[in-house]
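Take a look at the structure set out below.
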Amino acid sequence: MGLELYLDLLSQPCRAVYIFAKRNGIPFELRPVELLKGQHHSDAFAQVNRLKKVPALKDGDFTLAESVAILLYLSRKYEVPDHWYPQDLQACARVDEYLAWQHTALRSSCTRAMWQKMMFPVFLGEQVPPETLASTLAELDRCLQLLEDKFLKDQDFVAGPHISVADLVAITELMHPVSAGCQVFKSRPKLAAWRQRVEAEVGKDLFQEAHAAVMKVKDLPPADPAIKEKLKSSVQVLLQ
Amino acid sequence: MPERRSRSPGVSKPGTCQDLWHRRPEKQAGPTGVEPETLYLGAPQSCHSCCPEPAVRRVPAAATMGLELYLDMLSQPCRAVSIFAKKNGIPFKLCTTEVFKGQHPSKEFFQINSLRRVPTLKDGDFILTESSAILIYLSSKYQTADHWYPSDLRARARVHEYLGWHADCIRGTFGVPLWTQVMAPLIGVHVPEEKVQRNKTFMDLALQQLEEKFLGDRAFVAGQQVSLADLMALEELLQPVAVGCDLFEGRPRLAAWRERVEAFLGSDLLQETRGPILNILEQAVNKKVPTPPPEVHPCMLLRISRIP
């Protein structure tokens, strides 16, 4: 059994891993794990990742969780072009810096924005207080400003002149609120231009393929009561 | 190790403090009319209570060209970086930045890092934030022993796997008790009991996962040897301990891990690094923690509002 990637393309980090693997021609078996059906809670999946989260990787007897760990593992094992995760000390540090920052900053506001604007009301039928949503969108805005000012600056990509895993992680995050109707790129020409460059590097077809599922989430019918119950407790934290 | 002065309050005349670091600087104009030898880093650190006036830290000029680390020892990631650098004999200039202790962030620091985040590394013109990035940079640049950040593909993946989970479940969570018990009250904010309890639940869950998923029956969180992951984890877990939440009580596996890491690092190094955080609760109780100035209140309030 070769490399297996356990993914749900509704999840931002899963999309980053998917795009990275496909773009670099890394052969893998896609093992879908449907979050909205609670499949990540199954005993079978727990064997792959005790933390019950996606993405997860299984390479022979080696299992690995956490998207950044997976991206870096794949980049090294499959000897992808250097720009994805550079050998150069300082260039690499820039990627590490972005990957660390986004995890405690942008990721949270993108997830919350998407859930509060769309998933709670549309899928779970739960109204979100307007002030909560407003605060989340303000935080998202603040993170986007930091992304532009601190990372992108006047560079072509977030960690330097060439595309890296940092860009994949960033773009897949930003597509989350976009899928919920947030106009992330409209008022931010710098980010919009960066998006075009990333899409061009990744390939428009692959980019669209990776985002097909999340872009259709707004058309999902409301969840049935069984699913609602299953998901409710784990997503309550996204209301805070 | 210089002898510590006792901290007994008392009257002493200005300029009589014998501690090297607490001498008032003599003005020495260099070619540009600026003192060449002293770098002012933030407002002066308060001296011991024996000196009625604040003193400034003198820094030899030679040190200003090398590696600089901007650190606040109340901060968990800063302690991890400090411990790592010192344990590995990495020469650096410590630029103490006490963001909340009534100190104004200096213009220099602001120019270096407009977000005034700590830790920050400055290596010549190269400026880097984010503790995990800094640790990886230092381990690579100074070619530290392999176990810190193993070159083996899978072993390294385990370190990154830990760091990813740490960002989600440890960072932000274990700092909360210090905020609820010390920092928020300093600016007159009371964090509701409901949030305090919720935080305890999150910490319990995280500790369970740390023990079961990461430690397991391994000696350290990412393998059989100490790594960057252990430093990051331990300093975070120490934060609530410093304000009286003994997380290690009733968790013998975690306690044993802590002992192993601390034995490896050495008690002198740890005592030196953890002095400020271990004293903070006592200082707060005795009302000896300076009130943060108004300009840092907004970011403090923002942090407090993020407590789930």
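The values are calculated or read from the model by the stated rules, or taken from the named source; none is laboratory data. What you see is a predicted model; the values in this text were computed from it and never measured. Reconstructed Cβ throughout: ideal geometry from the backbone, glycine too, with neighbour counts over all protein chains shown. Surface areas here come from the heavy atoms of the whole protein model, side chains and all, with no ligands, DNA or RNA. Shrake-Rupley method; radii C 1.70, N 1.55, O 1.52, S 1.80 Å.
Assorted remarks:
- Exactly one residue out of A:190, A:117 is within 18 Å of the chain's Cα centre (by Cα), open to solvent by 20 Å² or more (accessible area, probe 1.4 Å) and not assigned by the TED database to the domain that holds residue A:74, and it is A:117.
- Note on region A:94-108: residues that are without any contact (Cβ under 8 Å) to a residue 60 or more places away in the chain and part of a helix (DSSP H, G or I) amount to 6.
- Of all residues making up region A:51-65, the number that are at the interface with another protein chain (Cβ under 8 Å from one of its Cβ atoms) and touching a residue at least 12 places away in the same chain (Cβ under 8 Å): 2
- The criterion of at least 1 residues that are more than 14 Å from chain A (Cβ to nearest Cβ), under 29 Å from residue B:288 (Cα atoms) and modelled with pLDDT of 85 or more is met by the following strands (runs of 3 or more DSSP E) wholly inside region B:30-143: B:67-71, B:93-96.
- Taking region B:136-177 as the range and being under 15 Å from residue B:88 (Cβ atoms) and under 20 Å from the mean Cα position of the chain (by Cα) as the test, the residues that pass are B:136, B:137, B:138, B:139, B:148.
- Residue in region B:262-280 that is crowded, with 18+ Cβ neighbours inside 10 Å, hydrophobic (A, V, I, L, M, F, W, C) and over 29 Å from residue B:213 (Cα atoms) present: yes
- Of residues in region B:114-150 being of a type in the set (Lys, Arg) and in contact with an Asp or Glu (Cβ under 9 Å, 6 or more places away or on another chain), the one least open to solvent (accessible area, probe 1.4 Å): B:122
- If you check A:46, A:69, A:21, A:91 for being within 14 Å of chain B (Cβ to nearest Cβ) and either buried (at least 22 other Cβ atoms within 10 Å of the Cβ) or not in a helix (DSSP H, G or I) (or both), only one passes: A:69.
- Within region A:72-88, considering residues that are surrounded by 15 or more Cβ atoms within 10 Å (Cβ to Cβ) and more than 24 Å from residue A:2 (Cα to Cα), the one nearest to the other protein chains (Cβ to nearest Cβ): A:86
- Some residue of region B:199-212 being more than 10 Å from chain A (Cβ to nearest Cβ), closer than 28 Å to residue B:291 by Cβ and open to solvent by 20 Å² or more (accessible area, probe 1.4 Å): yes
- Any hit, region A:152-170, residues being away from chain B (no Cβ under 12 Å), part of a helix (DSSP H, G or I), crowded, with 22+ Cβ neighbours inside 10 Å and acidic (Asp, Glu): yes
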